[in-house]
Structure formats: C-alpha cells, structure tokens
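What follows draws every value from the coordinates through simple rules; no lab data is involved. Everything quoted here is computed from the prediction, not taken from an experiment.
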Amino acid sequence: MFRTRRDFLVASSGAAALIPWVGLASGPWEDRNPPEWTPEDIQTILNHSAWTREVSLEVTPSPTAPGRAISNRQQQNHGRGVPIDFKALVRWESGLPVRLARRGDPRSEKTGGQYQLSINRLPLAFIEQTSGTGMVHNDQGASVMTPEVAERVAQNSTLDRTGKSPIRANHAEWIEAEFSPRIVIFFPVGADAIQADDKEVTLVSQIGTLGVRARFILKDMVYRGRLEL
C-alpha cells in the first residue's frame, strides 16, 4: 500500500528504471551510421523504404504483341490497363542508402552520373507466354531476359514529372542474382536533373504486355539533408 500519490510515483519510476527499453534505444536505420546497420535495417532499406515501391502490374497494349491489345473500354474501366495478381518491386538503385545497403556488391559502387532503377520479381514466364517476348533459360531452367529484350524495355521507359518533359531511359541490363534477378534501367541525369521541387517522380515502363508504374515521393528520399537519387 502507498500512503501518498508521491510514494506511488517514486516507486513506479524506480520500477520503470529496471525495465529494459527494448527497441526504443536503437531507433530507425537513418539514425545509425551505415557500418552499424543490422541485417534487418538492410532488408528495410532494400524492400520497405522510400527508395522502393511495390506495385501491381497491369496488362496493357504492347507493340511487341500484335493482336493482344486490350479494348479501349477495358482501358477506360481500369485506368491505364488491367491489373493482374503479380506484384513487382521497383527500387531506386542509385540512391545512396540503397548503394550503402548493398555494400560489397561492386555493381552498386558507381552510378556513372545516371539514375538507376530496378524492377524485381518479374514474372518472366508470364511475359514470354502472353507477349511472345523471347527469353533464354539459365542452367537451372529459369527464364532469363536477353539483352535485346532489356534494350526494348529501355526504349519504353521514362521518368515522368508534372509540368516537365519526361526523362527517357538510355540503357537497360538484366542482372542475374541468386535471390533477386532484376532488370536495371538507366536514365541520364542531364542538365535538367530531378529536384526536390519536382515533388514526385513516376517510373513508367512496359515489358512485353505488362505495364509498370511506380510513384516516388521526393521529400521522403532525403538522407542526411540531401535528396539522394
């Protein structure tokens, strides 16, 4: 029994001092230096940060698949295309936090003055079956995108900003990786570089009959006081 409210508060504060502050002391990954990042931090950066977007893929008309285009009515009913069950992960690979999280991967060390965005988790077998887009197969029998198909993706990819001309991709590469095979699309930075005042940027791409749209909010992509793209 506590005789006064003061006795209760004193006793309670003493008890609280004995309880470990699990999780609160560590804080978010942004508050730690990259060498201190945990495996969980790295997974967050690569899959759930402002530099990543999980998006639904859409079946859209494709110039590489004559006769397979959906009707105008379907497009009107579903916006730009017909959503399907597949989801892709779009990642801004040239962003500094992503490159730091990929430490040890030599492909992440240089950006060459270009924005680099990847599209992960692509259903390559579906793309091949529905659009006739040619693929090859690796030693494990999995579908792999050819350089010719990757370049076709580059020709159909832009970074869109409101009130400004789109930035058109100039190259694309298929990267074969054990856990995350992906296509990386390269965009020139140029004189009209993306600025924080642009507020948002949308990747628009087409892979066979599949359309990809991923919107990035620029104010959320600031790391240690700088917009990191």
3J(HN,Hα) from dihedral phi, the stretch 186-197, Karplus parametrisation 6.51/-1.76/1.60, rounded to Hz, x for glycine, proline: 10, 10, x, 6, x, 6, 9, 5, 5, 10, 4, 5
5 angstrom amide H check on ASN120, placed H, neighbours 5+ away: LEU89, VAL90, ARG91
